[in-house]
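The structure appears right after this line, and notes come after that.
The values are calculated or read from the model by the stated rules, or taken from the named source; none is laboratory data. Keep in mind that what you see is a predicted model, and the values were worked out from it rather than measured. Cβ coordinates were reconstructed from backbone atoms using ideal geometry, including for glycine residues, and neighbour counts include every protein chain displayed.
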């Protein structure tokens, strides 16, 4: 099944064509890596697939939902990790993850179960659970962000520079998380500058340049 | 509908928990409010009779200044780590986010009103003549302030200069609330023969309009 289908997708930021006719198909269970220079359109492509910015021209579907008219349905099924953590600094790790589980519409009991499961999967240490997020390191915050998204059990993960600012251990835990998400049946699209890292993670690397898929797709 | 109210309370409780944890209202905004009351007293260089006469107006000006701080804080919670993106991705309705955030600001405003009422009683020597009017007008004015503040906070949230722009946008819109609440409090504190209930009625209309407009417009504002 095709999780993402884009046909001549165009997105304008003001008058600037951030995406200038992208054609892309991503299948269930794939890890697809996007590489390209700053401003090439990687983040815009991720945001488009998350239903966060409108498609100006062309057509596309994500998880079977139309990008033009069903953005809200797309958002509920997709998890996007951007450059920021999305966490509340004054809440503890436990409180943050529980909040995002309940925000996803889970009842209290299910939210607690999912929180504990996500914390275990992300390898968040017991001693960190009651600490406010403001006291965590960058790597611990990243793992907490991923856990707070994992409680929704999304079918599609969109990760924008997931390794940035992390030490070796943090990078490896993100890699492990990505592999486990795919094992569990999800699809992952990663935008990254770290070519070695994404080459080792993904057999499929797409180069974005000037808002288009600039050929050179490695399979 | 149940999900809507669940989401609303979830957002409100989250904001209030953060406030309780960070103690910004208790440790920063409340002392600021007391300072404003004291400075008004110095500036007017007046005896207690004059201060009692102006107490309702000074009280609500102090509350407006506190509202600006509370709304800035409410906005920054969602902006600092782009948590609003997460709320949108989680599928929460914009109306429930708006009403939840407005409810949290409302609770903070009630706390500040109680605190500052103690302040005007101690510093200005006022007393409450009409308890029912004092309670109802205080609640309705807090509702009008928190709904309008949350709406304008969302309007300014996407802008780089939101800290300086918010007061310029918000204070003129809240002028009717300031006038109505001052008149109602004048009646409640026995400082004038004004019919405070009529002004409370007008405040109620303003509060309802702000809540309805906010619930409808919030989605558009945060999407833009």
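Worth a mention:
- Residue in the range B:188-198 that is modelled with pLDDT under 85 and more than 26 Å from residue B:119 (Cα to Cα) present: no
- Answer from A:114, A:143 - the residue that is crowded, with 20+ Cβ neighbours inside 10 Å, away from chain B (no Cβ under 12 Å) and farther than 26 Å from residue A:32 by Cα: A:114
- Looking across the range A:77-88, the residues that are touching a residue at least 24 places away in the same chain (Cβ under 8 Å) and within 9 Å of chain B (Cβ to nearest Cβ) come down to A:78, A:79, A:80, A:82, A:83, A:85, A:86, A:87, A:88.
- Qualifying residue in the range B:110-124 (condition: within 13 Å of chain A (Cβ to nearest Cβ), surrounded by fewer than 24 Cβ atoms within 10 Å (Cβ to Cβ) and either under 24 Å from residue B:182 (Cβ atoms) or in contact with a helix residue (DSSP H, G or I) (Cβ under 7 Å, 6 or more places away or on another chain) (or both)): no
- Yes/no for residue A:58 being farther than 23 Å from residue B:4 by Cβ, away from chain B (no Cβ under 14 Å) and modelled with pLDDT under 90: no
- Scanning the range B:192-212 for residues being touching a helix residue (DSSP H, G or I) at 6+ places or on another chain (Cβ under 6 Å) and assigned to a helix (DSSP H, G or I) gives a total of 10.
- Only a single item in (1) farther than 16 Å from residue A:78 by Cα; (2) part of a loop (DSSP other than H, G, I, E, B) is not met by residue A:29, and it is number (1).
- Residue check, residue B:215 surrounded by 19 or more Cβ atoms within 10 Å (Cβ to Cβ), at pLDDT below 90 and not in a loop (DSSP other than H, G, I, E, B): no
- Restricting the range A:89-136 to residues that are over 20 Å from residue B:90 (Cα atoms) and free of Cβ contacts under 8 Å to residues at least 24 places away in the same chain, the residue that is nearest to the chain's Cα centre (by Cα): A:120
- Elements of type helices (runs of 4 or more DSSP H) contained in the range B:7-104, each with 1 or more residues being within 12 Å of chain A (Cβ to nearest Cβ) and free of Cβ contacts under 8 Å to residues at least 60 places away in the same chain: B:48-79, B:83-89
- Candidate set: the range A:122-138, residues that are buried (at least 18 other Cβ atoms within 10 Å of the Cβ) and away from chain B (no Cβ under 13 Å); chosen: the one nearest to residue A:198 (Cα to Cα): A:122
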